[in-house]
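*Asks:* Take a look at the following structure, please.
The values are calculated or read from the model by the stated rules, or taken from the named source; none is laboratory data. Predicted model only: the values in this text are computed from it and were never measured. With ideal geometry, Cβ positions are generated from the backbone for all residues, glycine too; neighbour counts draw on all protein chains shown. For the accessible areas, the whole protein counts, side chains as well, though only heavy atoms, and no ligand, DNA or RNA atoms are used. Shrake-Rupley method; radii C 1.70, N 1.55, O 1.52, S 1.80 Å.
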Amino acid sequence: MKVLIATEKPFAATAVKGIKEVIEEAGYEVALLEKYTDKAQLLDAVKDANAIIIRSDKVDAEVLDAAKELKIVVRAGAGYDNVDLDAATAHGVVVMNTPGQNANAVAELVLGLLVFTVRNFYNGKAGSELMGKKLGILAFGNVGRNVARIAKGFGMEVSAYDAYCPAEAIEAAGVHAAASQEELFANCDIVSLHIPATPETKQSINKALVGTMKKGAILINTARKEVINEPELIELMRERTDLKYITDIMPDQDADFKQLEGRYFSTPKKMGAQTAEANTNAGLAAARQIVGYLKEGITKFQVNK
Ligand code: 3PG
């Protein structure tokens, strides 16, 4: 059996070493395709792969067509919007994710970016503090929960809204449960996005919603760029010169956002999950899930059931 690690954005070397150990111990072979620049390289590499470990790498119908021997794809991470699930199912390929494995890394980045923002991007001018500020967390999954835990350490007042998580479960984590997404945006100084990109959420963070935020509010996105209605957010930020947008996923309209000087920041490449720990956690989980599936048929984290 051949397991391909196909990562345009490579894992930390320690994670690759750990993945190799798990796969080789199972008696399988590892192939590595990192930092590829052309889809043709991926199409070639998948030809004889029985399993693939990916990150945000796109696995579409063309890739699945080329991967004639493929049985399983594991997205080492949470969001699997980069995999064509219907095409995978049609090809008889199991798709899994590794939920929670990189959540702390993303959550730490959220608070890091927030300190950077309220201290005026470290430009030397007097900024403000996070203690006492109202933080709204949109979606209370693994990342949202970790953000809440760390934000409470900063002394922030934390609220959350999640359409799929009952208010009692949010309250049980010591977080105020907002009654709606609208209430969350209207009442918080900062809103942190942790929703996946789905047909329901795409473009859902729009002018009407963000426009209700308080004076001087900050919107922070470490989720997906697709959830933002970029033209509407730009229009709003041109009208409301008090608003800031901070993102770990460079928007399509980065050049337009950049004109909103001092109120916009994007990391050059998504780096929320880019730590040795997160890479190792997610990479090893992916490797173990592949071995578990190929040897014992375990499908616990399958997302295309
Ligand atoms: C995820 O969905 O797990 C994160 O967005 C991480 O993505 P990455 O593996 O491309 O850094």
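*Asks:* Measuring with a 1.4 Å probe in the full set of protein chains, what accessible area per residue, in whole Å², belongs to the chain? Could you put the intermediate results ahead of the total?
*Replies:* Details: 13790 Å² over 305 residues.
In whole numbers, the chain has 45 Å² accessible per residue.
*Asks:* Cα axis of helix 103-118 to longest principal axis of the chain: angle in degrees, 0 to 90, nearest 10?
*Replies:* 30 degrees
*Asks:* Can you give the net charge of the other residues whose Cβ lies under 12 Å from the Cβ of Ala40, counting K and R as +1 and D and E as -1? Let's see the in-between values first.
*Replies:* Values: positive: Lys39, Lys47; negative: Asp38, Asp44, Glu62.
In short, -1.
*Asks:* Roughly speaking, to the nearest percent, how much of the range 207-305's 1.4 Å accessible area is carbon and sulfur?
*Replies:* Details: 2370 of 4590 Å².
Here it works out to 52 percent.
*Asks:* Mind checking which aspartates and glutamates have their C-alpha under 15 Å from Lys244, skipping anything on the same chain fewer than 8 residues away?
*Replies:* Result set, ordered by chain and number: Asp189, Glu230, Glu232, Glu235, Asp254, Asp256, Glu261.
*Asks:* If the cut-off is a Cα-Cα distance under 18 Å, which lysines reach Lys71, setting aside same-chain residues fewer than 8 apart in sequence?
*Replies:* Correct list for Lys71: Lys2, Lys47, Lys58, Lys295, Lys300, Lys305.
*Asks:* Among the GluC sites (Glu not before Pro) within the range 18-108, which fall in a DSSP loop and have no more than 12 other Cβ atoms within 10 Å of their own Cβ? Please list the in-between numbers first.
*Replies:* Numbers: sites: Glu21, Glu24, Glu25, Glu29, Glu34, Glu62, Glu69, Glu108; in loops: Glu69.
The qualifying sites are Glu69.
*Asks:* Ignoring everything except DSSP H segments at least 4 long, calculate the 222 nm mean residue ellipticity for the chain; use -39,500 (n - 2.57) per segment, divide by total residues, nearest 500. List each step's numbers first, then the result.
*Replies:* Numbers: 12 runs with 113 residues, N = 305.
Using -39500 (n - 2.57) per qualifying helix, the result is -10500 deg cm²/dmol.
*Asks:* Angle, helix 142-153 long axis vs. longest principal axis of the chain, Cα atoms, 0 to 90°, nearest 10?
*Replies:* The angle comes out at about 40 degrees.
*Asks:* Any number yet on Rg/Rh for the chain, C-alpha, Kirkwood? Don't jump to the answer; show the numbers that get you there.
*Replies:* On the way: Rg = 20.3 Å, Rh = 20.3 Å.
For the chain, the value is 1.00.
*Asks:* If you project the alpha carbons of the range 118-232 onto the principal axes, what extent comes out on each, in Å, largest first?
*Replies:* 42, 37, 22
*Asks:* With everything on Cα atoms, drop me the angle between helix 13-25 and the longest principal axis of the chain, reported from 0 to 90° to the nearest 10.
*Replies:* 40 degrees
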